[in-house]
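First the structure, in the form of structure tokens, and then the observations on it.
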């Protein structure tokens, strides 16, 4: 599955979170929020358009991705609705532990080559553990406690930062599509304020 298709599916999360918030939280969504979210989504559609044309995604891959995105969105709304008595750190720890328990057997069964314990491995591991699994998730849980819909709009920035990081780290070119898409995402976030 291409990175562009993955970015587009990630951008569906805020839309699903709005839908589930309306259904399960009885949250009223303003006209500006709807216009802003649609502008963001359209921006990411433009940004990913060139990559989508080259995508060779499988039906199983897309199905699993849709299930994952839906689960993430439902989980976010459920977390907001239930107002757990656990701290965000405890919640983060439990979800990481339970997720790991499910992923270890799958990783073992799908292992096609040995892990190379080199510099790239350790840098990636440190980034994924501390920045993604701890810091980003704690920020996300804090935002969800305030308002799931307002929190979800920031998910539109994930692909934008992906383009920026791929430019800085991987020296990939930023296309006109990505620039136009990013501008629309920023405008959409401003509208949905």
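Residue selection: residue 186 satisfies the criterion of being over 26 Å from residue 120 (Cβ atoms) and either touching a residue at least 24 places away in the same chain (Cβ under 8 Å) or assigned to a helix (DSSP H, G or I) (or both). Tell me yes or no: at least one residue of segment 114-134 is surrounded by fewer than 10 Cβ atoms within 10 Å (Cβ to Cβ) and assigned to a helix (DSSP H, G or I). Yes - at least one qualifying residue is present in segment 114-134.
Check whether at least one residue in segment 99-116 is farther than 30 Å from residue 149 by Cβ and touching a helix residue (DSSP H, G or I) at 6+ places or on another chain (Cβ under 9 Å), and report yes or no. Scanning segment 99-116, I find at least one residue that is farther than 30 Å from residue 149 by Cβ and touching a helix residue (DSSP H, G or I) at 6+ places or on another chain (Cβ under 9 Å), so the answer is yes. Would segment 25-34 turn up any residue that is under 16 Å from the mean Cα position of the chain (by Cα) and surrounded by 14 or more Cβ atoms within 10 Å (Cβ to Cβ)? Checked segment 25-34: no residue is under 16 Å from the mean Cα position of the chain (by Cα) and surrounded by 14 or more Cβ atoms within 10 Å (Cβ to Cβ). Here residue 187 fits the description: surrounded by 13 or more Cβ atoms within 10 Å (Cβ to Cβ) and within 21 Å of residue 31 (Cα to Cα). Taking the numbered list (1) in a helix (DSSP H, G or I); (2) surrounded by 10 or more Cβ atoms within 10 Å (Cβ to Cβ) in turn, residue 105 passes all entries but (2). A Cβ distance below 9 Å, combined with a sequence gap of six or more or placement on separate chains, defines the contacts here; from segment 148-174, residues that are outside any helix (DSSP H, G or I) reach residues that are surrounded by 13 or more Cβ atoms within 10 Å (Cβ to Cβ) in the pairs 172/163; 172/166; 173/167; 174/163; 174/164; 174/166; 174/167; 174/182.
Taken together, the values in this text are just the output of simple stated rules run on the coordinates, not laboratory data. Everything quoted here is computed from the prediction, not taken from an experiment. Cβ atoms come from the backbone with ideal geometry, glycine included; neighbour counts cover every protein chain shown.
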